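Structure record follows, encoded as structure tokens.
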Amino acid sequence: MSQDTPAVGELHDQVLSTIGRRIVSGEQPVGSVLTLDGICTEHGVSRTVAREVIRVLESMGLVASRRRVGITIQPRTKWSVFDPRLIRWRLDGDGRTEFLLTLSELRRGFEPVAAALAAERADEHQCRILAAAVSDMAVHGRSVDLEAYLLADKVFHRTLLESSGNEMFRALAEVVHEVLAGRTHHGMMPDRPNPKAIALHDDVARAIRLGDPVAAETAMRAIIAEAATAVAEE
């Protein structure tokens, strides 16, 4: 294989992303039919790669394969809406602001509760990680290094959800990561991260360290509200 030829896994990801984005954008309408031969011809891949792409899309609820019917695009009500790849594709398309606000509503339903639980259950190591993440956010916010800021923000929220001790909340970390990354990569963050947002993260970390669930929950709600307001203004 030459250096210019994508590996099989790379080809799979490229085709999956291309078809997935077409479906979530509506370019590939509900009820329309895909074929393996059509995927192979358009994307220059083997039937093995095409089958694997369809298998993944089927697991996400985007398509359904039926004998004598074919590979049919499914309505949004069938989608696995928490799948991080699906969230990423939706954020890549039109209606990004409205979708981010929908995700903010979802976050309001679990992150404040997770913060309250973390105040009761976090261990010393997790408290140190939260404090270090806030410190990194402050440093990278001042230097306006948005990618480094994003990484620290992801560490904070992942650790928060893990510290809740609830496996269901922990499993939603990738959903939050896609929300944070979507804002950054689509220019929906302010040019310089809002010091108020960083201070609120510090409030959450401090409340968790001090074992104050009410303060942790309140500050977490304020973080989500600040982010939603910033998205709406953008």
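Is it the case, given these coordinates, that THR77 is polar (S, T, N, Q), farther than 30 Å from VAL176 by Cα and either assigned to a helix (DSSP H, G or I) or touching a Phe, Trp or Tyr at 6+ places or on another chain (Cβ under 8 Å) (or both)? Give the derivation first.
On the way: polar (S, T, N, Q): yes; farther than 30 Å from VAL176 by Cα: no; either assigned to a helix (DSSP H, G or I) or touching a Phe, Trp or Tyr at 6+ places or on another chain (Cβ under 8 Å) (or both): yes.
The answer is no for THR77.
The set of residues in segment 185-223 that are at pLDDT below 95 and crowded, with 17+ Cβ neighbours inside 10 Å comprises MET188, MET189, PRO193.
Of the residues that sit in segment 17-28 and are under 17 Å from the mean Cα position of the chain (by Cα) and open to solvent by less than 60 Å² (accessible area, probe 1.4 Å), which one is farthest from GLY44 (Cα to Cα)? Among those residues, the one meeting the criterion is VAL24. For GLU174, the criteria (1) charged (D, E, K, R); (2) buried (at least 21 other Cβ atoms within 10 Å of the Cβ); (3) out of contact with any Leu (no Cβ under 9 Å at 6 or more places or on another chain) hold in every case but one, which is (2). The residue pairs whose first member lies in segment 167-192 and is over 20 Å from ASP145 (Cβ atoms), whose second member is assigned to a loop (DSSP other than H, G, I, E, B) and open to solvent by 10 Å² or more (accessible area, probe 1.4 Å), and whose beta carbons are closer than 8 Å, counting only pairs six or more residues apart or on different chains, are LEU172/PHE82; VAL175/PHE82. Among the residues of segment 103-116, is any open to solvent by 50 Å² or more (accessible area, probe 1.4 Å), out of contact with any helix residue (DSSP H, G or I) (no Cβ under 8 Å at 6 or more places or on another chain), over 15 Å from ILE224 (Cα atoms) and part of a helix (DSSP H, G or I)? No, segment 103-116 has no match at all.
Among (1) within 18 Å of the chain's Cα centre (by Cα); (2) in a helix (DSSP H, G or I), where does HIS125 come up short? All conditions are met except number (1).
The values are calculated or read from the model by the stated rules, or taken from the named source; none is laboratory data. Quick caveat, the model's predicted, so the values are computed rather than measured. Heads up, the Cβs are rebuilt from the backbone with ideal geometry, glycines too, and the neighbour counts pull from every protein chain shown. Ligands, DNA and RNA are excluded from the accessible area calculation, which covers all protein heavy atoms including side chains. Shrake-Rupley method; radii C 1.70, N 1.55, O 1.52, S 1.80 Å.
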